[in-house]
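Each remark here refers to the structure printed beneath this line.
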Amino acid sequence: MKNWWKEAVGYQIYIKSFYDSNNDGIGDINGILQKLEYIKNLGVNLIWITPFYSSPMVDNGYDVSNFYRISRVYGNIKQLKNLINNAHKLDIKVIIDLVLNHTSNKHKWFIESMKSVDNYYNNYYIWEYPKYNNLVKEPTNWLGFFSESCWKYNKKLNMYYFSTFTHKMPDLNWENKNLRNDMYKMINYYINLGVDGFRVDAASHLAKDEFVNSNMSNTYVCDMYKFSNLDKTLVYLNYIKDNCFKNKDLLIIGETGGGASIDMAYKYANNNDSPMNMVFNFDHNWCFDDNQKFDLVKYKKTWKRWLDKFNKNSWIPLNFLNHDQPRLISHYCDNSYLKNKCLSTFLYFLRGTPFIYNGEEIGMQNIEINDISEIRDISCLNVLSKKDVITKKDLNHTRDLSRGYMLWDNNKYSSFSTSIPWIKSNPTTSIYDQEYDNSSLLSYYKKIFKIRKEYSNILIYGNINIKDIENKNIFYYTRDDKITILGNYSDNNIEYILDNKILNILLNTHTDIEILDNSVILKPYQAIVYINF
Ligand code: TEU
Ligand code: CA
């Protein structure tokens, strides 16, 4: 079945670091508006904007204090509507982050919730009495994702509340029907505002297991299966579908971390009776060998596993990394543009919807942290607060790595802003440098998406056949047996014997290619896409 979101090329905008329109050092909604043409020229027709709601910004906006308000630093509802309208005029769809698992502890509901057990909102969150009547002890030994206990004591109520991430982001109680109704109302509000769908944040954590200790350890342990990917989560997501998404042509793409299995992911997103259309997973994010070198075989096999399961009408996003992970070029490509070109050739012609993380298209590198004062990421700060000695490695184990501000040109602060940006960046290149250079990474990304569009029947809807999967250096696959994607991800020239004919080369990382009778000589990190029928 054809869908607009299968044909889309997605682009993730980390709003805080994208473009600052009013020069306060923080990216904003009008900043995105001013860069729509750039996005359009890239070949993108779908943007995902990270949270812009009112927030104390403990976790850069994933801690929402009012779902109906836009944070003043990002703009206002009028500007958001204007952005959506202008994007639509350019045929760009807009999806927004939907934070369902938790709110900020400054959200009105939570403030009410803390007042008394009889308060209407008390049950909007997960409250438990101490485990022992006299002794004040936490209900379980679970540790959350940001290295804090999942439980936080409240003296007044003599109860603990639950959080998957941090105490400043208490988890919502999805068992409560009133809470659910309020959430449907909020979701429908944004649908009526004109968004084209949602990226459902932390979708896998909505349901929690029975509150019994994890036996993985006597002390605190991040036993994420206690609060990730439980079947009950599907029930909640299906309620949302019934109350908000049904019969609407939206894209619902879940973020399903917490170790979601492929089978579970398929339950989330099979486009048959599932609550969502696709899910982001993290299996392909850490494909390294024993020497911490990128492992192509692992990478190919990971994608193959997902593609084998998500065939027919089901679908996956094609993405490298996001704002929680390091930068692609630093993570997998030793900061080499050529390696990046080679690897993106592999990824973006697979069967699925590409999602680029802003700045990836020009090969933005990880930022380099030299001092704790440069760190903004709460999860990293939490880890560091527990250490006596902090090494450079500890400092650079932060989600900030990929959150540096966008490098628009070579002026001060790369013209992201005229004021000191909220976070540093790593100005090794710029859009200005690459935009008119036909050999740049940026130009290469544009070519990829142009070809994908031009041959959409084959490259989007066609079936996929990954060949020679055990080959450590070569990737080789065909789409519909008509277009071949071939690359040499190694430092050596390789003569590779083909089982088809190179008739017309559509894309080449290099300026030429040596074709022999029934083989081809690929230079190091050379990739080609060619018609073979
Ligand atoms: O991340 C969620 C997230 O990291 C977990 O779902 C994941 O399962 C875990 O790391 C282990 O795999 C999202 C956002 O992307 C992130 O920026 C937010 O901080 C977080 O949710 C909380 O809203
Ligand atoms: Ca701003």
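What is the number of the single condition among (1) surrounded by fewer than 19 Cβ atoms within 10 Å (Cβ to Cβ); (2) part of a loop (DSSP other than H, G, I, E, B); (3) within 21 Å of the chain's Cα centre (by Cα) that Ala260 does not meet?
Every condition holds for Ala260 apart from (1).
Applying the selection to segment 208-231, what residues are surrounded by fewer than 21 Cβ atoms within 10 Å (Cβ to Cβ) and touching a residue at least 40 places away in the same chain (Cβ under 8 Å)? Quick ask: steps written out before the conclusion?
Of all residues in segment 208-231, those surrounded by fewer than 21 Cβ atoms within 10 Å (Cβ to Cβ) come to 209-225, 230-231.
Passing the criteria: Phe211, Val212, Asn213, Ser214, Ser217, Asn218, Thr219, Tyr220, Val221, Cys222, Asp223, Met224.
Taking the condition over 23 Å from Phe165 (Cβ atoms) and either away from ligand 1 (no atom under 14 Å from the Cβ) or assigned to a loop (DSSP other than H, G, I, E, B) (or both), does Asp209 pass? Let's see the steps before the verdict.
Details: over 23 Å from Phe165 (Cβ atoms): no; either away from ligand 1 (no atom under 14 Å from the Cβ) or assigned to a loop (DSSP other than H, G, I, E, B) (or both): yes.
Taking the combined requirement at face value, the residue does not satisfy it.
Can you list residue pairs whose Cβ atoms sit under 6 Å apart, with the first residue in segment 24-36 being among the aromatic types (Phe, Trp, Tyr) and the second being more than 6 Å from ligand 2 (Cβ to nearest atom) and part of a loop (DSSP other than H, G, I, E, B)? Count only pairs 6 or more apart in sequence or on different chains.
none
Just to be sure I understand, how many residues within segment 161-179 are more than 16 Å from ligand 1 (Cβ to nearest atom) and touching a Pro at 6+ places or on another chain (Cβ under 6 Å)?
The first filter runs over segment 161-179 and keeps only residues more than 16 Å from ligand 1 (Cβ to nearest atom), leaving 161, 173, 175-179.
Retained after the next criterion (residues that are touching a Pro at 6+ places or on another chain (Cβ under 6 Å)): 161.
Residues in segment 161-179 being more than 16 Å from ligand 1 (Cβ to nearest atom) and touching a Pro at 6+ places or on another chain (Cβ under 6 Å): 1 in total.
Those residues that are more than 24 Å from Phe449 (Cα to Cα) and at pLDDT below 95, I need them from segment 517-533; list them, please.
Scanning segment 517-533 gives Asp517, Asn518.
Residue by residue through segment 212-226, note down the ones that are within 13 Å of ligand 1 (Cβ to nearest atom) and either β-branched (Val, Ile, Thr) or farther than 17 Å from Ile126 by Cβ (or both). Write out each step before concluding.
Of the residues in segment 212-226, the ones within 13 Å of ligand 1 (Cβ to nearest atom) are 222-226.
Those that are within 13 Å of ligand 1 (Cβ to nearest atom) and either β-branched (Val, Ile, Thr) or farther than 17 Å from Ile126 by Cβ (or both): Cys222, Tyr225.
Going by the structure shown, is Asn319 polar (S, T, N, Q), within 15 Å of the chain's Cα centre (by Cα) and at pLDDT 95 or above? I'd like the intermediate steps shown before the answer.
Numbers: polar (S, T, N, Q): yes; within 15 Å of the chain's Cα centre (by Cα): yes; at pLDDT 95 or above: yes.
When the stated conditions are applied, Asn319 passes them.
Could you please find all residues in segment 1-50 being surrounded by 22 or more Cβ atoms within 10 Å (Cβ to Cβ), within 16 Å of ligand 2 (Cβ to nearest atom) and of a type in the set (Gly, Ala, Ser)?
Across segment 1-50, the qualifying residues are Ser17, Gly27, Gly31.
Considering Asp196, Asp201, Asp182, which residue is away from ligand 1 (no atom under 16 Å from the Cβ) and buried (at least 18 other Cβ atoms within 10 Å of the Cβ)? Show your work before the answer.
Numbers: Asp201 fails: away from ligand 1 (no atom under 16 Å from the Cβ); Asp182 fails: buried (at least 18 other Cβ atoms within 10 Å of the Cβ).
It is Asp196.
Let's see how each residue does on (1) closer than 23 Å to Tyr19 by Cα; (2) part of a loop (DSSP other than H, G, I, E, B); (3) without any contact (Cβ under 8 Å) to a residue 40 or more places away in the chain:
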{"position": "Arg72", "(1), (2), (3)": "yes, yes, yes"}
{"position": "Leu80", "(1), (2), (3)": "yes, no, no"}
{"position": "Ile84", "(1), (2), (3)": "yes, no, no"}
{"position": "His88", "(1), (2), (3)": "yes, no, no"}
{"position": "Asp91", "(1), (2), (3)": "yes, yes, no"}
{"position": "Leu98", "(1), (2), (3)": "yes, no, no"}
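So, Asn23, is that one at positive phi and out of contact with any Lys or Arg (no Cβ under 6 Å at 6 or more places or on another chain) or not? Outline the logic, then answer.
Details: at positive phi: yes; out of contact with any Lys or Arg (no Cβ under 6 Å at 6 or more places or on another chain): yes.
So Asn23 passes the test.
Among the candidates Lys108, Lys131, Lys81, Lys115, which residue alone is of a type in the set (Lys, Arg) and under 26 Å from Phe355 (Cα atoms)? Steps first, answer last, please.
Details: Lys108 fails: under 26 Å from Phe355 (Cα atoms); Lys131 fails: under 26 Å from Phe355 (Cα atoms); Lys115 fails: under 26 Å from Phe355 (Cα atoms).
Step by step, each of Lys108, Lys131, Lys81, Lys115 is checked, and only Lys81 is of a type in the set (Lys, Arg) and under 26 Å from Phe355 (Cα atoms).
When Asn41 is evaluated against the numbered criteria (1) of a type outside the set (Lys, Arg); (2) in contact with a strand residue (DSSP E or B) (Cβ under 6 Å, 6 or more places away or on another chain); (3) farther than 17 Å from Ile423 by Cα, which criterion, by number, is the only one it fails?
Failing condition for Asn41: (2).
Give just the number: which of (1) surrounded by 20 or more Cβ atoms within 10 Å (Cβ to Cβ); (2) assigned to a loop (DSSP other than H, G, I, E, B); (3) not aliphatic (A, V, I, L, M) does Tyr445 not satisfy?
(2)
Read through the list (1) within 16 Å of ligand 2 (Cβ to nearest atom); (2) within 14 Å of Asn60 (Cβ to Cβ), then give the number of the only condition that Ile420 fails.
In the conditions (1) within 16 Å of ligand 2 (Cβ to nearest atom); (2) within 14 Å of Asn60 (Cβ to Cβ), Ile420 misses (2) alone.
For segment 472-533, which fully contained strands (runs of 3 or more DSSP E) count at least 3 residues that are under 20 Å from Phe294 (Cα atoms)?
On the way: elements: 474-479, 483-488, 494-497, 504-508, 519-522, 527-531.
Counting at least 3 such residues, we get 474-479, 483-488.
Name the residues in segment 24-43 that are away from ligand 1 (no atom under 16 Å from the Cβ) and either of a type in the set (Gly, Ala, Ser) or touching a Gly at 6+ places or on another chain (Cβ under 7 Å) (or both), would you? Steps first, answer last, please.
Step one: of segment 24-43, the residues away from ligand 1 (no atom under 16 Å from the Cβ) are 24-26, 28-43.
Scanning segment 24-43 gives Gly25, Asp28, Ile29, Asn30, Gly31, Gly43.
Listed residues Ser21, Ser55; which is modelled with pLDDT of 95 or more and within 16 Å of ligand 1 (Cβ to nearest atom)? Walk me through it before giving the result.
Numbers: Ser21 fails: within 16 Å of ligand 1 (Cβ to nearest atom).
From the options Ser21, Ser55, the qualifying one is Ser55.
Looking at segment 106-137 only, could you name the residues that are closer than 30 Å to Asn215 by Cβ and at pLDDT 95 or above?
Asn123, Tyr125, Ile126, Trp127, Glu128 - these are the residues of segment 106-137 that are closer than 30 Å to Asn215 by Cβ and at pLDDT 95 or above.
When you check Asp242 against the structure, is it in contact (Cβ under 8 Å) with a residue 40 or more places away in the chain and over 28 Å from Ser344 (Cα atoms), yes or no?
Numbers: in contact (Cβ under 8 Å) with a residue 40 or more places away in the chain: no; over 28 Å from Ser344 (Cα atoms): yes.
Taking the combined requirement at face value, the residue does not satisfy it.
Got a sec? Which of Tyr220, Tyr239, Tyr266 is away from ligand 2 (no atom under 16 Å from the Cβ), of a type in the set (Phe, Trp, Tyr) and closer than 20 Å to Phe145 by Cα? Walk me through how you get there before you give the answer.
Values: Tyr239 fails: closer than 20 Å to Phe145 by Cα; Tyr266 fails: closer than 20 Å to Phe145 by Cα.
The match here is Tyr220.
It is to be established whether one or more residues within segment 51-61 are within 16 Å of ligand 2 (Cβ to nearest atom), within 21 Å of the chain's Cα centre (by Cα) and over 30 Å from Lys156 (Cα atoms).
Yes, because at least one residue in segment 51-61 is within 16 Å of ligand 2 (Cβ to nearest atom), within 21 Å of the chain's Cα centre (by Cα) and over 30 Å from Lys156 (Cα atoms).
For segment 51-81, what are the residues that are surrounded by 24 or more Cβ atoms within 10 Å (Cβ to Cβ), within 22 Å of Pro421 (Cβ to Cβ) and hydrophobic (A, V, I, L, M, F, W, C)?
Hit for segment 51-81 is Phe52, nothing else.
Kindly indicate whether any position in segment 365-387 is touching a Gly at 6+ places or on another chain (Cβ under 9 Å), among the charged types (D, E, K, R) and either assigned to a helix (DSSP H, G or I) or touching a residue at least 12 places away in the same chain (Cβ under 8 Å) (or both). Give the derivation first.
Just the residues of segment 365-387 that are touching a Gly at 6+ places or on another chain (Cβ under 9 Å), to begin with: 365-367.
Subsequent filtering for residues that are among the charged types (D, E, K, R) retains none.
No - not one qualifying residue is present in segment 365-387.
The values are calculated or read from the model by the stated rules, or taken from the named source; none is laboratory data. Note that the structure is a prediction, hence the values are computed from the model and not measured. Quick reminder, even Gly has a Cβ in these numbers, built from the backbone with ideal geometry, and neighbours come from all protein chains shown.
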